[in-house]
Amino acid sequence: MRIATRFASRAAASSMVVAAALALVGFQATEQTASAATKKASSVVTCTAANTKLTVTKVSRPINHLLLKATNTGTKPCYAYIAPFLRAGADAQAPLAWAEDTTPQAVVTLEHGQSAYAGITTSTPDGEGGAKEKTLGVIFTDRKGNATNKEKTLNLPKGGIFFNSAATVTYWQDNAADALSW
């Protein structure tokens, strides 16, 4: 009986040593993977007016819409967080409202040369007031939704676009169709 007990104790101890060794190897592998992920994540920057090219175009459908395109011109990938702050016209008192129902599943990540898109509704029949504006001020946001840096001012197409109180902008999308489908 003693021999069987000793054998069982040794087997249990050996199993514990093997389990501990495997756990250590797994922990080290996880640590290396986490370290690699952290290193990759730290090499991604926030998209700003300094590392992107911005363009705005009038689209034929849907009516009263513009498409804002941000193309990464930097050397590192960048995150297009949340939605841009947009100022329609030089005298705008507040940025356009964000269309909350357009929140994407994940933050849009742009490799060099890739683009993010935001759809802009300029006016609707139920909006109030309004004026024809010639410029659009664009400011990117950081991960917390705060403004990142200086505003980039774009000239609006066709000598100006009419905006009223119903004007909104979508969150950044990874394709133009999604930005214009709401």
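Taken together, the values in this text are just the output of simple stated rules run on the coordinates, not laboratory data. Please read all numbers here as calculations on a predicted model, not as lab measurements. Don't worry about glycine lacking a Cβ; one is built from the backbone with ideal geometry, like all the others, and counts go over all protein chains shown.
What is the Cα centroid distance between the stretch 59-101 and the stretch 133-180, reported in whole angstrom?
Cα centres, the stretch 59-101 to the stretch 133-180: 3 Å.
Run the numbers for residue 94 and residue 151: contour at 0.36 nm per residue of separation, minus the present Cα-Cα distance, in nm.
19.2 nm
Arrange the peptides 172-178, 144-150 so that the one whose residues have, on average, the most other Cβ atoms within 10 Å appears first.
Ranking the peptides 172-178, 144-150 by packing returns 172-178, 144-150.
For residue 50 and residue 162, what does the FRET efficiency come to when R0 = 22 Å and r is the distance between their Cβ atoms, rounded to the nearest 0.05?
Plugging the Cβ-Cβ distance into 1/(1 + (r/R0)^6) gives 0.10.
If you count, for each residue, the other Cβ atoms within 10 Å and average over each peptide, how do 83-91, 48-56 line up from highest to lowest?
Packing proxy ranking, top to bottom: 83-91, 48-56.
If you take all C-alpha pairs in the stretch 43-162, what percent of them are over 16 Å apart?
Percentage above 16 Å: 61.
Please state the relative contact order of the stretch 56-180 as a whole percent: Cα pairs under 8 Å, 6+ residues apart?
With pairs under 8 Å counted, the relative contact order is 36 percent.
With each pseudo-label sitting 7 Å past Cα toward Cβ, what's the residue 71-residue 106 distance in nm, one decimal?
Each label point is offset 7 Å from its Cα along the Cβ direction, giving 2.4 nm.
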